[in-house]
Each structure stands twice: as structure tokens, then as C-alpha cells.
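Everything on this sheet refers to the single structure shown next.
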Amino acid sequence: MVAQRTAIAPTRDWQPILAAFEAALGKDAVIRRKEELLVYECDGLTSYRQRPAVVVLPRTTEAVAAAVQICDRYNVPFVARGAGTGLSGGALPLEDSVLIVTAAMRDILSIDLDNQRVVVQPGVINNWVTQAVSGAGFYYAPDPSSQSVCSVGGNVAENSGGVHCLKYGVTTNHVLGLKLVLPEGDIVEIGGPVPETPGYDLTGVFVGSEGTLGIVTEITLRILKAPESINVLLADFTSVEAAGATVSDIISAGIIPAGMEMMDNFSLNAVEDVVQTDCYPRDAAAILLIEIDGLPAEVAASRDRIAALCQQNGARQVTVAADPEERLRLWKGRKAAFAAMGKLSPDYYVQDGVIPRTQLPYVLREIEALGQRHGYRVANVFHAGDGNLHPLILYNNRVPGQLEAVEALGGDILKLCVKVGGSISGEHGIGADKRCYMPEMFSPADLETMQWVRSAWNPKGLANPTKIFPTPRTCGEAAQAATVAFPQVERF
Ligand SMILES: Cc1cc2nc3c(=O)[nH]c(=O)nc-3n(C[C@H](O)[C@H](O)[C@H](O)COP(=O)(O)OP(=O)(O)OC[C@H]3O[C@@H](n4cnc5c(N)ncnc54)[C@H](O)[C@@H]3O)c2cc1C
């Protein structure tokens, strides 16, 4: 994999296409000036860059459909984009493609508290949903750390997770229905306001499809009643092994915390330098942040049991935050952990792998050894409860060769995750970044089955081509098995 930055190649006549977009969406909704297009040349995976040929900003489902129909008519590939915070290059434009940005679709369309449903447009920001219903005692559970900026449409496409997904599940568990524009421009509705609909679970197929099956334009979300009581515990350990063992012991004891996060010494010091929570002991090898919620009696019992398990595993101190202000202070550092890395290093590369919880101590030792072998520092911040690791590899993109080296290190970490029975993605998706590692996890037959689904929904391959699946051009011969039956994947 190499970073890309290519000039727009005028490989087609854009004039009639631009005229069609302007007629359908209005001039203000079409961006074509090179300097304005710069904003859209990458997502959160900033090492990959490609300016799109044109950006369109529809406001309604019908306008999205019109834009997609124009792409279909002129055979132009298109890429959907929400807020552009994705970390795997899912919203990376292709050369000579159209970027369909949903940022102007920002309305909360309806709130039905009695049935615990909210219908939103895809550009609505994740935490606006909770803000809209919290006054009535409800909230929306999936809470990526980027929740103050990422869009619900992007969350759906990535099947995003977050701190509270250990107990409450990821985005797919909170999406009931979708209005979609399919890759040829048809508008369809799948799922619905009721929890069970007959037939294939097409909502399940679409959630996590990373923009390769169409564009979601309306989302029916499930909201939950806010818990009566919440406690957050901070436990600090002198070894990563002890913190890892505590995570396993808590789950084995039958307690499912709302969230259970771990930060290693490197990460917690970076966070303290930047956010100054003054809560995280700087000499700890690792800290655990554990949130429990529910009825007051249940929370009190779990809190005491968890504190005892931490102490049995050698925790030096267990602090309990019971009031909202203290809780926020404990979480503030964790939520800012990625950003804090920016103070330590000009660039960082975030990996996202999953391992069985019981393998945490072994895998963390191996990651450290891999970092030393490749010559890069790795900070570890992760959703420990569900084994979702986020190793952050620090590097300098201006030094020739460093990007390729950290990508190789990231790849070795993904292979390690697969070796211990885990996965190459927990929540950030595959996008452009990890497509070459799909064959590490899936057989040619598995990949072919997924390609059948993609081809059925996206027969011309115009919706977000080259993402998720390895192609010979992007991944060399290793990708052959994945593309043999579906040459259109390689076409763009
Ligand atoms: C600091 C930071 C912290 C993060 N923390 C987390 C975390 O805790 N958990 C987590 O899961 N992720 C996290 N992320 C990753 C990212 O925020 C999520 O993947 C988020 O869901 C992306 O939303 P977005 O609106 O930015 O989507 P984009 O980046 O714009 O797009 C992401 C993908 O969705 C597709 N897409 C966007 N909109 C639509 C649509 N309407 N229809 C169909 N496809 C669409 C795009 O084509 C692309 O493939 C973090 C990112 C950052 C920068």
C-alpha cells in the first residue's frame, strides 16, 4: 500500500455531467473549483489523498437519487461521504469520481418517545441524537469517540462502535430501518419501525457496507431509556498483564459493564500532558476505566464486586466517580486519547483489530516486540471489554519510507490478531486501508460470497469501487482469488 496524491486526470468530458448536476441539485450544491475540492481529498486516514472530480451536496433523498442517476447514466463512479472522520479511507475519493456528501442533510425528522424511535437524515451528528432526547430521559447508545463530529450515515456505513458497545451493542443493534438510494438511483425502504420484519435482513446487510451498496438517506434509530444510576471506576495497575486479567475476571464473574477501557502507560501520559485530567496516575503500567449502569442497587453490588476483582489482581488504587462531573473528568482523557498523540508525534497511524479478551496480555507483549522490531513507538488505547485494540503507531510522514514502514507494522499487528482468533477490524471498517488483509481472514469462497452480494446491489460497480475487497492493482497477486469472478471491482 502506498500513499496516493494524483492530479485530476480529465479522462472524460465533465461538462454535460456538471450541467446535469447543476440542473438537478442547483448550482450551490455542486463544487468543482480545485481549491474547494481540496477539503474533500481525504478522510481521517490522511496518508491517502485523492481529489474527486466534483463534489455534490444534496439535501433530500430525491436529490441523492437524482445525483446517483446521473452517475449511472454517465457511468461515473461515486463515493458517499458523511463527516469524513473515517479512519480506513472509506470516503477516499477515486480519481475522476463524484463525491456525494451528506453533510447538508442534517434534520432530525421525527421523535417518537413512546415507541423509542428517532428518524434522522444521514448528516445528523451522532451526539445530536442524544441531545435531542436527553431532556425526556432517553439516549442513543452507540458512542464513537468521534461522536461530536461524525455523522449517523457514516456510523451506519461503518457499523461504528464506542465505549458503551460492550453492553449495548454496536450501530447495527440500534438501527431499525433505512431509506436508501441504490447504486442505479432507485429509492427503497428496508427494515422499519417494528423490531422484526419478515424476509431477508437487508438492514443487517447494509449496515457496515461502507458505501458499497448505495447511500442511506433516512435512518430509523432505536433510543434507550437513560439508566437510573451510573458509576465509573478507575483502577491502576503496575502491569498490563494484571489489567488484562482483571478484564477477563470481571466478565467471567457475570458482570457486563457498560464500558471497560484500557490505556497503557504511554497513552495515559500523553493524555495527561494534553488534557490534564489529573486523574490518571502517570506511573501506572496500565489503567482500566470501567463504567457500570442500571438500577442503583445493581450498580452498587457490581461496583463492589469489580473493585474487589481489581484488588485481587493487584490494583494499587480503585477510585469511584459517582457524580456526573467526576465521571466526565475520568472519561475526558480517554475520549481525547487519539488527539493527544498529535502532541507527541507529527503523525500517527491507528490500527483497529479484535482479539479474544483472554489473549490481551500476550498480544500486548507481542505488539511491543513488533514495535521494537520495526523501530516505532506504539501507544495502546482500547475497548478492553470487547477485545477491540487501537494501537497508535507514531511516525513522521515527511520522512521518506516511514509511512510504508508503519503500514507494514500495522499489517503485522492485524496478522497477529487473526493468528490468535480475532479480526482485522473492530469498528473502523476496511475501506482502502485494510483491503489487502481480507484474505488473511477470509477464504476465496468467503470473499466470493461477499462479492455476490455487492454485485447484486451494485451491478455496475459504481458505488465506492475498490474499497473493502483486495484487487490485483491495489494488493498484487494475493488479491487474484477475490476478483476473478468479479472483474468490475478492478475496473476503476
Ligand atoms: C478521533 C477519532 C475517534 C474515533 N473513534 C471511533 C470510535 O470510538 N468508534 C468507531 O467506530 N469509530 C471511531 N472513529 C472513526 C469514525 O469516526 C467512524 O467510522 C464514523 O462512523 C465515520 O463517520 P463519518 O460521518 O465521518 O463517515 P465518513 O468518514 O464520511 O465515511 C465513512 C464511510 O461511510 C460511507 N458513508 C458515509 N455516509 C454514507 C451514507 N449516507 N450512505 C452510505 N455510505 C456512507 C463512506 O463512503 C465511507 O465508506 C474515530 C475517528 C476519529 C477521527
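Read-outs throughout are calculated quantities, based only on the coordinates presented, and are distinct from any laboratory measurement. This structure is a prediction, so every number in the text was calculated from the model and none was measured. Heads up, the Cβs are rebuilt from the backbone with ideal geometry, glycines too, and the neighbour counts pull from every protein chain shown.
Structure summary
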| item | result |
| --- | --- |
| Alpha carbon convex hull of the stretch 345-433, projected area averaged over orientations, nm² | 5.4 |
| FRET efficiency for residue 239 and residue 305, using Cβ-Cβ distance with R0 set to 30 Å, rounded to 0.05 | 0.85 |
| For residue 239, net neighbour charge (Lys/Arg +1, Asp/Glu -1) across residues whose Cβ lies under 14 Å away | -3 |
| Descending semi-axes in Å of the stretch 313-378, equivalent ellipsoid built from Cα gyration tensor | 27, 20, 11 |
| Karplus (6.51, -1.76, 1.60) ³J(HN,Hα), θ = phi - 60°, over the stretch 162-173, in Hz, Gly and Pro reported as x | x, 4, 8, 6, 4, 8, 9, x, 8, 3, 4, 6 |
| Hull shadow area, averaged, the stretch 15-101 [alpha-carbon convex hull, nm²] | 5.2 |
| Loop-located trypsin sites (Lys or Arg not before Pro) in the stretch 387-436, at most 13 other Cβ atoms within 10 Å (DSSP) | 398 |
| HN-Hα J in Hz across the stretch 193-206 - Karplus 6.51, -1.76, 1.60, θ = phi - 60°, x for Gly and Pro | x, 8, x, 10, 10, x, x, 5, 7, 6, 4, x, 5, 6 |
| Low-density loop cleavage sites - trypsin sites (Lys or Arg not before Pro) in the stretch 39-121, where at most 10 other Cβ are within 10 Å (DSSP) | none |
| Net lengthening on full extension, residue 103/residue 325 (0.36 nm per residue, minus Cα-Cα) | 76.7 nm |
| Net charge contributed by nearby residues that have their C-beta within less than 14 Å of residue 147 (K/R +1, D/E -1) | 0 |
| Separation of alpha-carbon centers, the stretch 419-439 and the stretch 19-52, rounded to whole Å | 28 |
| Net charge of Cβ neighbours under 11 Å - reference residue 137; Lys, Arg +1; Asp, Glu -1 | 0 |
| Pairs from 225/343; 332/419; 34/460; 179/332; 167/343 whose Cα-Cα separation, in the structure shown, is over 30 Å | 225/343; 332/419; 179/332; 167/343 |
| Added length on full extension, which subtracts the Cα-Cα distance from 0.36 nm per residue, residue 19 to residue 33 | 3.6 nm |
| Least to most buried among 220, 60, 449 (fewest other Cβ within 10 Å first) | 449, 60, 220 |
| Difference of contour (0.36 nm per residue) and Cα-Cα distance, residue 196 to residue 111 | 28.6 nm |
| Expected 222 nm ellipticity per residue - DSSP helices of 4 or more, -39500 (n - 2.57), all of the chain, to 500 | -10500 deg cm²/dmol |
| 13 Å Cα-Cα reach of residue 467 towards aspartates and glutamates, excluding residues that sit fewer than 8 places from it in its own chain | 158, 210, 433, 490 |
| Rounded tilt (10° steps) of 296-312 against the dominant C-alpha axis of the chain | 70 |
| Cα-Cα P(r), the stretch 112-204, percent of pairs per 5 Å interval | 3, 13, 22, 25, 21, 11, 4, 1, 0 |
| Percent of C-alpha pairs per 10 Å bin, the chain, short to long | 4, 19, 29, 27, 16, 5, 1, 0 |
| Mean-position separation - Cα centroids, the stretch 356-417 and the stretch 268-345, in angstrom | 23 |
